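Everything below concerns the one structure shown next.
The values are calculated or read from the model by the stated rules, or taken from the named source; none is laboratory data. Keep in mind it's a predicted model, so treat the numbers as computed, not measured. Backbone-built Cβ (ideal geometry, glycine too); neighbour counts: all protein chains shown.
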Amino acid sequence: MSGVQPTGNLHIGNYLGALVNWVELQKHYEAFFCVVDLHALTQRPDPAALQRAVREVAIGVLASGVDPDKSTVFVQSHVPQHSELGWILTCLTPLGDLNRMTQFKDKSVQQPENINAGLFTYPILQTADIALYRAERVPVGEDQEQHLELARETLRRFNFVYGETFPDPQTVKSQAPRVIGLDGQAKMSKSKGNELGLFETDEETLAKLRAAKTDPARLRKSDKGTPEVCNIFSYHGFFTPAAQREEIAAGCRSAQLGCVDCKKMLAAHLEAVKAPIRERATALREHPARLDEILAAGASKARAAAESTMQLVRERVGLRPAP
Ligand code: ATP
Ligand code: MG
């Protein structure tokens, strides 16, 4: 089980940190992947923009290789059990645990005019997302590790108080669990404007790369560079084959290769990954009814699984159906 927020354009951090593992894990496990629109409400999006983003992010998930015949792909709010279990788990989570969450602190700085309670309880709803499907593996980026630790503690508490119900969800990290943003400062984020988008054209990517910072000590092409401290070189680590990467590093250190050429090489390798994803996304956009069908089927499968967990949960906590 894993989710992604419809809060902006999917980027290479989402792809490398989470989506590549979604595509891999669906081959071996029963998988649930979800566009978490309830979580996105914590950023108070414009309603029409939210609806568009839900579809675009779902398209991105599918275009990245998640196969709706293998995995259950759905929208969180189509399964009301997420909110219901979220409340039950809210009543089991100590305030002190939530107070330690660094994402809450980051988001509070990012949106100081809207520090709402949903931002604070965000990891509890995330715990419900995982628990509803009694998930054992959760493929996410490193930024979610702290939330996953909280989820494990909360579910262990549930099991202790009400009896064994949920498995311990393990974090599954990829080879690139923390992709830094184009600003070279923070992790790449949809909502920070520091992203390399998954749907961007080659020209758009190149324009962004041109403006991106490299080794700060390398002011002129004739200065020798240090690839290890260059954010652009870190991206080569994800997209460029090892032998060519060595050549680039050597060219940078000896000042034979300039930053502009290095960025062009990166753009070409990025394009090799993005072009097929962009093409599949375009095809999906042309068939909105197909996307509706996938999301309807996903919601129906997810609701059935979620309801079966909730019947057990309601019984365990003492909530009985109406007579
Ligand atoms: P937002 O800025 O709205 O929080 P986001 O870019 O952080 O958006 P999310 O929807 O919050 O994206 O996260 C989706 C998945 O992508 C999560 O598994 C998260 O850990 C992963 N992820 C997000 N950013 C990165 C990154 N820079 N590097 C690696 N993985 C990432
Ligand atoms: Mg995020």
Picked from segment 12-41 (must be in a loop (DSSP other than H, G, I, E, B) and more than 12 Å from ligand 1 (Cβ to nearest atom)), the residue nearest to residue 83 (Cα to Cα) is 30
Report task. Tell me, yes or no, whether segment 74-87 has at least one residue that is over 17 Å from residue 131 (Cβ atoms) and not small (Gly, Ala, Ser). Result -> yes
Residue set 246, 228, 149; condition part of a helix (DSSP H, G or I) and assigned by TED's automatic domain parsing to the domain that holds residue 20; output residue 149
Taking segment 99-146 and keeping residues under 16 Å from the mean Cα position of the chain (by Cα), surrounded by 21 or more Cβ atoms within 10 Å (Cβ to Cβ) and free of Cβ contacts under 8 Å to residues at least 60 places away in the same chain leaves 123, 127, 144
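Which one of 139, 94, 80 is within 14 Å of ligand 1 (Cβ to nearest atom) and either under 25 Å from residue 292 (Cα atoms) or at pLDDT 95 or above (or both)? Even if it seems obvious, please write down each step before you answer.
Working: 94 fails: within 14 Å of ligand 1 (Cβ to nearest atom); 80 fails: within 14 Å of ligand 1 (Cβ to nearest atom).
That would be 139, the only listed residue that is within 14 Å of ligand 1 (Cβ to nearest atom) and either under 25 Å from residue 292 (Cα atoms) or at pLDDT 95 or above (or both).
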Subset of segment 179-225, residues hydroxyl-bearing (Ser, Thr, Tyr) and part of a loop (DSSP other than H, G, I, E, B), comes to 189, 191, 201, 214, 222
Check your understanding: What do you reckon, is residue 255 of a type in the set (A, V, I, L, M, F, W, C) and on the phi > 0 side of the Ramachandran plot?
Key -> yes
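Can you list the helices (runs of 4 or more DSSP H) lying wholly within segment 72-111 that have 1 or more residues being out of contact with any helix residue (DSSP H, G or I) (no Cβ under 9 Å at 6 or more places or on another chain) and farther than 16 Å from residue 38 by Cα? Before you say what the answer is, go through the steps one by one.
Numbers: elements: 81-90, 95-99, 102-110.
Result: 95-99, 102-110.
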For segment 112-132 the number of residues that are within 29 Å of residue 302 (Cα to Cα) and outside any helix (DSSP H, G or I) is 1
The condition from (1) among the aliphatic types (A, V, I, L, M); (2) exposed (fewer than 15 other Cβ atoms within 10 Å of the Cβ); (3) outside the structural domain of residue 252 (by TED's automatic domain parsing) that residue 172 misses is numbered (2)
Residue 247 fails exactly one of (1) within 15 Å of ligand 1 (Cβ to nearest atom); (2) free of Cβ contacts under 8 Å to residues at least 60 places away in the same chain, namely (1)
Residue 190 passes all but one of the listed conditions (1) of a type in the set (D, E, K, R); (2) modelled with pLDDT under 95; (3) in contact with a Lys or Arg (Cβ under 9 Å, 6 or more places away or on another chain); (4) within 16 Å of ligand 1 (Cβ to nearest atom); the exception is number (3)
Scanning segment 249-264 for residues that are touching a helix residue (DSSP H, G or I) at 6+ places or on another chain (Cβ under 9 Å) and not in a helix (DSSP H, G or I), the one farthest from residue 208 (Cα to Cα) turns out to be 256
